[in-house]
């Protein structure tokens with residue numbers, strides 16, 4: 001698969017300057033952030049080792065990276081990633097990248113409308129061998145030269161989603177644009193794409209997904225279908241996907257598998273592997289990758305607030321969570337409902353659960369649509385559950401106490 005448009009480039013600029021800026025940006029962001037704000041901003045740092053695949057790189061660049069370092073900021077549906085490949089061998093490319101992802105949405109009852117936006121940019125440098133012909137008495141010589149490149153990509157995908165109990169159906173349709181330059185060549189690519197995903201929380205700790213994707217580019221169209229599963233154990237999440245391209249001439253089965261486990265309060269260990277046989281968005285060749293990573297939160301989470309009485313009126317208690325901390329369609333489970341996930345209701349900028357409760361002390365947690373359990377740091381009474389996760393403590397007092 002090639003790019004839909006190719007032309008001679010005027011040049012990507014001075015490669016050294018690009019890499020200096022890419023290397024300094026994460027340092028400046030971290031050094032310019034007060035330590036007391038790091039936790040509130042949810043910054044994490046990561047070191048990843050393995051056979052890594054940098055997907056935005058032109059196909060001419062060797063897809064082998066052994067070590068990558070990164071910083072990430074995440075808050076609800078907003079995420080910023082800064083990453084860089086660190087060469088550990090002669091064939092490893094050096095690259096730096098920034099990626100932004102954001103979701104804006106409006107929810108009314110079970111229906112959600114919104115738009116997913118994403119943007120990426122990267123710079124890179126790698127060495128290639130140059131053979132100089134020899135003379136009658138001189139053998140050929142082989143040398144190396146540095147090749148510089150850059151790229152930008154953007155996606156906009158309006159979506160609609162509907163939730164019914166533990167099942168969520170979401171469809172998106174939009175476009176993706178990608179442009180890169182390598183040495184004195186550049187290419188651009190525009191792809192129309194749409195997808196449909198169904199997510200079902202099969203149990204409290206197991207979520208299943210099914211999805212279909214369709215891509216349309218200048219040189220053709222492609223359709224993909226796949227399934228996935230996410231299982232949450234005590235302090236460990238495991239996930240896997242498998243699918244198939246439904247087009248003639250596309251051989252191979254794409255798959256991915258991974259796991260994440262909490263080693264300490266601020267330290268996680270991740271391992272994953274994947275095989276991609278086709279990527280219509282970036283036009284990349286079949287690639288297989290695997291990695292092991294350590295991820296650390298850069299500061300302790302804010303100290304939990306003391307347990308407070310629930311909003312309590314005539315025997316009905318109310319639990320609320322800000323929408324920007326809960327993501328899409330959370331459920332709630334706790335001592336008061338036998339730890340069975342019950343969907344919450346959107347109320348303005350909050351997700352709310354109301355239930356009849358007797359005065360007492362209860363533990364509870366929230367459940368994301370993918371089946372994972374979470375309790376934001378801002379929730380009153382948040383505490384370690386002793387198994388690598390979190391619960392919240394709810395105090396319902398006697399009226400008038």
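The values are calculated or read from the model by the stated rules, or taken from the named source; none is laboratory data. Being a predicted model, the structure only gives us computed values, none of them experimental. No Cβ is skipped: glycine too gets one built from the backbone with ideal geometry, and neighbour counts run over all protein chains shown.
Yes/no per residue for (1) modelled with pLDDT of 85 or more; (2) in a strand (DSSP E or B); (3) within 30 Å of residue 374 (Cβ to Cβ); (4) not assigned by TED's automatic domain parsing to the domain that holds residue 119:
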{"residue": "139", "(1), (2), (3), (4)": "no, no, no, no"}
{"residue": "143", "(1), (2), (3), (4)": "no, yes, no, no"}
{"residue": "154", "(1), (2), (3), (4)": "yes, yes, yes, no"}
{"residue": "170", "(1), (2), (3), (4)": "yes, yes, yes, no"}
{"residue": "190", "(1), (2), (3), (4)": "yes, yes, no, no"}
{"residue": "195", "(1), (2), (3), (4)": "yes, yes, yes, no"}
{"residue": "200", "(1), (2), (3), (4)": "yes, yes, yes, no"}
{"residue": "213", "(1), (2), (3), (4)": "yes, yes, yes, no"}
{"residue": "222", "(1), (2), (3), (4)": "yes, yes, no, no"}
Discussion item. Residue under question is residue 100, and the condition is that it be without any contact (Cβ under 8 Å) to a residue 40 or more places away in the chain and either more than 27 Å from residue 163 (Cβ to Cβ) or not assigned by TED's automatic domain parsing to the domain that holds residue 350 (or both); does it hold?
Written reply: yes
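Could you grab me the full set of residues in region 357-374 that are within 25 Å of residue 164 (Cβ to Cβ) and modelled with pLDDT of 85 or more? Break it down stepwise before answering.
Pass one, region 357-374, residues within 25 Å of residue 164 (Cβ to Cβ): 364-374.
The answer is 364, 365, 366, 367, 368, 373, 374.
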Worksheet entry | Number of the exception - residue 217 against (1) in contact (Cβ under 8 Å) with a residue 24 or more places away in the chain; (2) more than 26 Å from residue 123 (Cα to Cα); (3) in contact with a strand residue (DSSP E or B) (Cβ under 9 Å, 6 or more places away or on another chain) | (2)
Discussion item. On the basis of being within 30 Å of residue 71 (Cβ to Cβ), modelled with pLDDT of 85 or more and surrounded by 15 or more Cβ atoms within 10 Å (Cβ to Cβ), does residue 281 make the cut?
Written reply: yes
Discussion item. If I filter region 369-379 for residues that are assigned to a strand (DSSP E or B) and within 13 Å of residue 319 (Cα to Cα), do I get at least one hit?
Written reply: no
Discussion item. Quick check on residue 250: is it outside any strand (DSSP E or B) and surrounded by 15 or more Cβ atoms within 10 Å (Cβ to Cβ)?
Written reply: yes
Worksheet item: Which residue out of 226, 243, 192 is over 24 Å from residue 68 (Cβ atoms), out of contact with any helix residue (DSSP H, G or I) (no Cβ under 9 Å at 6 or more places or on another chain) and surrounded by fewer than 17 Cβ atoms within 10 Å (Cβ to Cβ)?
Response: 192
Discussion item. For region 224-241, give me each residue that is outside any strand (DSSP E or B) and without any contact (Cβ under 8 Å) to a residue 40 or more places away in the chain.
Written reply: 233
Practice prompt. Mind listing just one residue for me: the one in region 306-324 that is farther than 17 Å from residue 392 by Cα and at pLDDT 75 or above and, of those, surrounded by the most Cβ atoms within 10 Å (Cβ to Cβ)?
Written response: 323
Item to complete: Just give me the residues in region 347-367 being closer than 26 Å to residue 112 by Cα, surrounded by fewer than 20 Cβ atoms within 10 Å (Cβ to Cβ) and either touching a helix residue (DSSP H, G or I) at 6+ places or on another chain (Cβ under 7 Å) or touching a residue at least 40 places away in the same chain (Cβ under 8 Å) (or both), in sequence order.
Response: 349, 350, 355
Discussion item. Can you confirm whether residue 208 is free of Cβ contacts under 8 Å to residues at least 60 places away in the same chain, assigned to a strand (DSSP E or B) and farther than 26 Å from residue 341 by Cα?
Written reply: no
Worksheet item: In this structure, is residue 104 at pLDDT 80 or above, assigned to a strand (DSSP E or B) and loosely packed, with under 15 Cβ neighbours inside 10 Å?
Response: yes
